[in-house]
Ligand SMILES: [Zn+2]
């Protein structure tokens, strides 16, 4: 159930975001989703791509620092209060969220939306969430849903 | 003859000793110093290695036969292995920072303190200080020789001291105004800062009671002098010293303000090529080397200062006979002076080592955007140090920040940068980019 996410260290100055995008483009790798966390001085770019190993090699060859992190892709009912109900399951299971972001490409209006969560202990979190009836997506499901 | 900026008053008649009498005095005192130093195992060995029989030292010219002493020698004899008197005779200890974060200590006997405050009195009086004045001292007190060194010299003159020390500049401006200090003592860059804050607080230049300033502790320029004088409406004087030799008072400007008179009755000064160690002719820039002539607790033989300057032996209109040294124009090692504190790039490296185990590639950029020095340390993030969570990255940066402050005593801005983005040079890595005008 683990999704491999690539995290990249970026300096917060113009042109910095373009470099990894170009590297991946040249390697023929589609970016399924990205999210940027930044401070005034530096940022962390998080990417989900289908062939993460190839992407990592290409990025590292270009001198970019890459970190591979396990994240969970969670199905959330696409209705008012949908996210709240999922978050309630997190709370009940005692899971702390490091960060989360929405997967824009994987949403079926009125049906579901897909959110990516980084949790302290992903293995344990996956088990607890499944037990609580939360729908977690496998990599295959995720990419199929995003049409990748 | 050049005009003197202040009425010429001489504190100690020894300042005007005719050259031949001065040389004779130096020869006698050098013989005494070498005899005293020879009681210290380190110097005894060094003299033996150099083939110098202490009893054979008679003239000041013999100084050239003596072995050099460097900062590392003090460090290797930490804390007070070079002491030439029983420990019980120490009445004061000062110190300065070193490349490893460990300070080096210097000690003073009662007589050393008396001599030192007399030397400080000399340059203060040469630069306008009178017994009726009040002096605002904005040097840090503590191990640093600046605060206490100037403090005791001012008291020696009979003037009053306001030991304001550092920090809270608006309050310092109010103190100067309310107490009516005529003289300011601090680093030149802090004097500029005071001028700026005074202006921001609504004081027009020259409306503070200050008339004279005595600045030292870091290299500065003629441009800074003009700026300080304009900003505070004062006459600014330069003085020089280093703790290993005695502290401030090794040399200082007179009213001619064309070089600092070295107190040659207490120190022998040489100007040498930093690599060949051969003498540099007068007027040429070289490394200054000092031998103390009267220090009891910690005599030093041919101490290599790493400060680059030149010497001028032409007669001075003020009547003082001590050779004049120029401003310090640079360093023969990589030491930096940041906000008056001595910092070596290796200290930053040590701080990085402590945080990360091995030091990543880094560089230091120093600038003076306003009046105060700013240091930025750029550190490349290595794959092993990179974490996916912002909190951890900020923590890493803050840890480096704290460690650099702990090791150097100076706050620097730490910036994490992407790997392989910092400039690399083929030979010795250039770690420091100093953008301050020198
Ligand atoms: Zn003079």
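No value in this document is a laboratory result; all are computed from the given coordinates. Just so we're clear, the structure is a prediction, and the values are computed from it rather than from any experiment. Please note: Cβ atoms are built from the backbone with ideal geometry, for glycine as well, and neighbour counts cover all protein chains shown.
Between residue B:45 and residue B:21, the FRET efficiency from the beta-carbon distance, with R0 = 45 Å, is close to 0.85. Against the main long axis of the alpha-carbon atoms of chain A, helix A:52-61 sits at an angle near 30°. Sorting B:186, A:21, B:271 from the fewest to the most surrounding beta carbons within 10 angstrom yields A:21, B:271, B:186. By other beta-carbon atoms within 10 Å, ranking A:48, A:29 with the fewest at the front produces A:29, A:48. As a ratio to 2.2 N^0.38 Å, the alpha-carbon radius of gyration computed for the stretch B:140-186 takes the value 1.14. Residues A:143, B:237, B:68 in ascending order of nearby Cβ atoms (within 10 Å, fewest first): B:68, A:143, B:237. Size descriptor for chain B, Kirkwood hydrodynamic radius: 23.0 Å (Cα pairs only, one decimal). Principal-axis analysis of the Cα atoms of chain A puts helix A:82-92 at an angle of about 80° to the longest axis. Could you work out the helix-only [θ] at 222 nm for chain A, with each DSSP H run of four or more residues adding -39,500 (n - 2.57) and the total divided by the number of residues, to the nearest 500 deg cm²/dmol? The helix contribution divided over chain A gives -9000 deg cm²/dmol. Taking every residue in B:413-422 and counting other chain Cβ atoms within 10 Å of its Cβ, the average works out to 4.
Would you mind estimating how fast the protein assembly as shown diffuses translationally, via Stokes-Einstein at 25 °C and 0.890 mPa s with the Kirkwood radius over Cα pairs, in µm²/s? Calculated translational D: 87 µm²/s. Within the listed set A:137, A:72, A:36, the Gaussian network model of chain A (springs between alpha-carbon atoms below 10 Å) gives the highest mean-square fluctuation for A:36.
Summarising the strand pairing of the stretch B:336-437, around 55 percent of its internal DSSP beta bridges are antiparallel. Each label was represented as a point 7 Å from its Cα along the Cα-to-Cβ direction; for residue B:406 and residue B:432 these points are 2.4 nm apart. Taking chain B as a Gaussian network, Cα atoms linked when under 10 Å apart, which of B:268, B:341, B:250 shows the biggest mean-square fluctuation? Comparing B:268, B:341, B:250 in the GNM, the peak value goes to B:341.
Helical content alone sets the calculated 222 nm signal of chain B at -9500 deg cm²/dmol, taking -39,500 (n - 2.57) per DSSP H segment of four or more residues and averaging over every residue.
Between B:260, B:393, B:325, the Gaussian network model of chain B with springs among Cα atoms under 10 angstrom shows the greatest mean-square fluctuation at B:393.
Using R0 = 30 Å, the C-beta based FRET efficiency linking residue B:314 and residue B:32 works out to 0.50. Expressed as a fraction of 2.2 N^0.38 Å, the value expected for a compact globular protein of N residues, the C-alpha radius of gyration of the stretch A:24-126 is 1.21. Counted over the stretch A:3-68 with a bin width of 10 Å, the fraction of Cα pairs per bin, in whole percents, is 23, 61, 16, 0.
Taking the three principal axes of the alpha carbon atoms in the stretch B:336-437, the coordinate ranges are 40, 31, 22 Å, sorted in descending order.
With no solvent and one equal point scatterer placed on each C-alpha of the stretch A:70-146, evaluate the Debye formula and give log10 I(q)/I(0) for q = 0.16 Å⁻¹, two decimals. One equal scatterer on each Cα of the stretch A:70-146 leads to -0.52.
The angle between the Cα long axis of helix A:122-131 and the main principal axis of chain A comes to about 30°, on a 0 to 90 degree scale.
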